[in-house]
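The values are calculated or read from the model by the stated rules, or taken from the named source; none is laboratory data. What you see is a predicted model; the values in this text were computed from it and never measured. We place every Cβ from the backbone using ideal geometry, glycine too, and count neighbours over all the protein chains shown. Heavy atoms of the whole protein, side chains included, go into the accessibility calculation; ligands, DNA and RNA do not. Shrake-Rupley method; radii C 1.70, N 1.55, O 1.52, S 1.80 Å.
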Amino acid sequence: MPEGPSLYILKELLAGFAGQEIAHASGNVRAIDPARLVGQRIGAIHTWGKHLLIDTQAMVVRVHFLLFGTYRINEGREGKTPRLSIETAGGDVLNLYACQVREIDRATYAAYDFSADVMSEAWDPKRARKKLRAQPDLLACDALLDQDIFSGVGNIIKNEVLFRIRVHPLSTMGALPAPKLRQLVDEARQYSFDFLAWKRAYVLKQHWLAHAKRTCPRCHIPFVKQNLGKTKRRSFYCERCQKRYA
């Protein structure tokens, strides 16, 4: 699943689409009629966490890339039919695959809370800490994947943040000392921008310390790999240097 920084890069790549008229639209999407997009001008393209938002005169299209969603710009995937394909009058093409495409109303669009988006200039760490303190039984592994608190954080960032701050994924928010809670919030944003820089340089995997790794680089003992929390997403953690607060 693309995480927030990957969508941030996509938004940058699509900057030139804004202001252009859609000349052709097609795909195997069922939730919307692509023909309604033809002739519409793209007013703006935004991201919120893992959502891509395409604002046109006729509708706002929300794209969620789910677990295996991908995109291609000015090219296609051989043998694959896009979920949605948009071609502008200027000849630019966006092809979206294996994703969820829906229309959202203007009220829903206006209600997006960009203060929860770790990549946004409107990010509000105080509000994030308040939300965490309001859920004392929330596990760290679930907290970081809660898109209402950390929009854009995915499983890679979750594992790397918890390893960085030496917190066990089964720690509860109510048991975390205030400095650790602050550190968790701050590192969620910091790692997201580190992720962005490494992704742009094509060296992201080289910087993983915990995610998909077998051995703790600090303690040189095997990582524990488990599907934890309500989300049941993969966690990689060290039983020695990541303290469990419960």
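Some observations on this one:
- Test for Ala197: is it of a type in the set (Gly, Ala, Ser) and open to solvent by 60 Å² or more (accessible area, probe 1.4 Å): no
- Subset of segment 201-217 that is under 20 Å from Pro5 (Cα atoms) and out of contact with any helix residue (DSSP H, G or I) (no Cβ under 7 Å at 6 or more places or on another chain) - its residue that is least open to solvent (accessible area, probe 1.4 Å): Val203
- Here segment 112-150 is the region considered, the condition is being hydroxyl-bearing (Ser, Thr, Tyr) and farther than 24 Å from Pro179 by Cβ, and the residue that is farthest from the chain's Cα centre (by Cα) is Tyr112.
Condition check ((1) without any contact (Cβ under 8 Å) to a residue 40 or more places away in the chain; (2) among the hydroxyl-bearing types (Ser, Thr, Tyr); (3) more than 23 Å from His211 (Cβ to Cβ)) across all residues:
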site: Leu94; (1), (2), (3): no, no, yes
site: Glu103; (1), (2), (3): no, no, yes
site: Tyr109; (1), (2), (3): no, yes, yes
site: Ser115; (1), (2), (3): yes, yes, yes
site: Leu139; (1), (2), (3): no, no, no
site: Gln147; (1), (2), (3): no, no, no
site: Val161; (1), (2), (3): yes, no, no
site: Ile165; (1), (2), (3): yes, no, no
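- Close contacts from segment 23-41, counting a first residue that is under 12 Å from Ile86 (Cα atoms) and touching a residue at least 24 places away in the same chain (Cβ under 8 Å) and a second that is assigned to a loop (DSSP other than H, G, I, E, B) and polar (S, T, N, Q), with Cβ to Cβ under 8 Å and a gap of 6+ residues or different chains, come to Gly27/Thr81.
- Restricting attention to segment 173-190, the residues that are open to solvent by less than 40 Å² (accessible area, probe 1.4 Å) and either outside any helix (DSSP H, G or I) or touching a Ser or Thr at 6+ places or on another chain (Cβ under 6 Å) (or both) total 3.
- Counting the residues of segment 124-172 that are among the small types (Gly, Ala, Ser), modelled with pLDDT of 95 or more and touching a Ser or Thr at 6+ places or on another chain (Cβ under 7 Å) gives 1.
- Which listed residue is under 30 Å from Arg189 (Cβ atoms) and either modelled with pLDDT of 95 or more or touching a Phe, Trp or Tyr at 6+ places or on another chain (Cβ under 8 Å) (or both), from Leu53, Leu84, Leu37, Leu66: Leu53
- Long-range neighbours under 9 Å by Cβ, at least six apart or interchain, first residue free of Cβ contacts under 8 Å to residues at least 60 places away in the same chain within segment 185-201, second open to solvent by 40 Å² or more (accessible area, probe 1.4 Å): Glu187/Arg164; Gln190/Arg164; Tyr191/Arg164; Asp194/His207; Trp198/Lys205; Trp198/Gln206; Trp198/His207
- Residue match in segment 67-88 (condition: without any contact (Cβ under 8 Å) to a residue 40 or more places away in the chain, of a type in the set (S, T, N, Q), buried (at least 16 other Cβ atoms within 10 Å of the Cβ) and in contact with a Leu (Cβ under 8 Å, 6 or more places away or on another chain)): no
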